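Report on one structure; see the data block that follows.
Only the coordinates and a few stated rules stand behind these numbers; no lab work does. On a predicted model such as this, the values are computed, not experimentally measured, just so you know. Quick reminder, even Gly has a Cβ in these numbers, built from the backbone with ideal geometry, and neighbours come from all protein chains shown.
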Amino acid sequence: MIGRFGSGGRWEQAYGYSRAVRAGDRVFTAGCTATVGGVVQWVGDPHAQTLTAFHIALEALRGAGGSIEQVVRTRMYITDAAHADAVGRAHGELFGDVRPAATLVVVAGLLHPDMLVEVEVEALAAAEEGS
């Protein structure tokens, strides 16, 4: 069984995606940035943008039945290799002992030039009843 979960963001409907998808005991989030209400937050601060983006992703994860303790994989896309340490430290602050498999990739750019980082999360969740 597949469940699709939205945040109500305007791009989800326009672009045809879900903020999170639960497939059996797995939950996947869409890419999340530090965009709140259509405005990129923490311009110029990759650490704060990473924390905000992961909080958005984790909120979606919880809405789909997952939790931070069950995160098994994260992906971080950054626009400048000089931001790797700030982004990595933010990841460590959030995930601590969870220690998911993590990927950090430098990309040419994101949708808006003020976006410095985009993140994705994958997690396990309790099996749905009847599965």
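Put in line by how crowded their Cβ is, counting other Cβ atoms within 10 Å and starting with the fewest, Val117, Val71 read Val71, Val117. A full extension of the chain between Trp11 and Ala126 corresponds to an added length of 38.5 nm, given 0.36 nm per residue minus the alpha carbon distance. With a simple spin-label model that places each label point 7 Å from the Cα along the Cα-to-Cβ direction, the separation between Val36 and Glu59 comes to 0.8 nm.
Helix 84-95 and the longest principal axis of the C-alpha atoms of the chain enclose an angle of approximately 30°. Helix 46-63 axis versus longest C-alpha principal axis of the chain: approximately 10°, rounded to the nearest ten.
Can you compute the helix-only [θ] at 222 nm over the chain? Use -39500 (n - 2.57) per DSSP H run of at least 4 residues, normalise by all residues, nearest 500 deg cm²/dmol.
Details: 3 runs with 36 residues, N = 131.
Roughly -8500 deg cm²/dmol at 222 nm, from the helical runs in the chain.
With the simple model of a label 7 Å out from the Cα in the direction of the Cβ, Ile2 to Glu69 spans 3.0 nm. Hydrodynamic analysis of region 26-111 uses the Kirkwood radius over alpha carbon pairs. Inserted into Stokes-Einstein at 10 °C and 1.306 mPa s, it gives a translational diffusion coefficient of 120 µm²/s.
Distance between the 7 Å Cα→Cβ label points at Val107 and Glu93: 2.2 nm.
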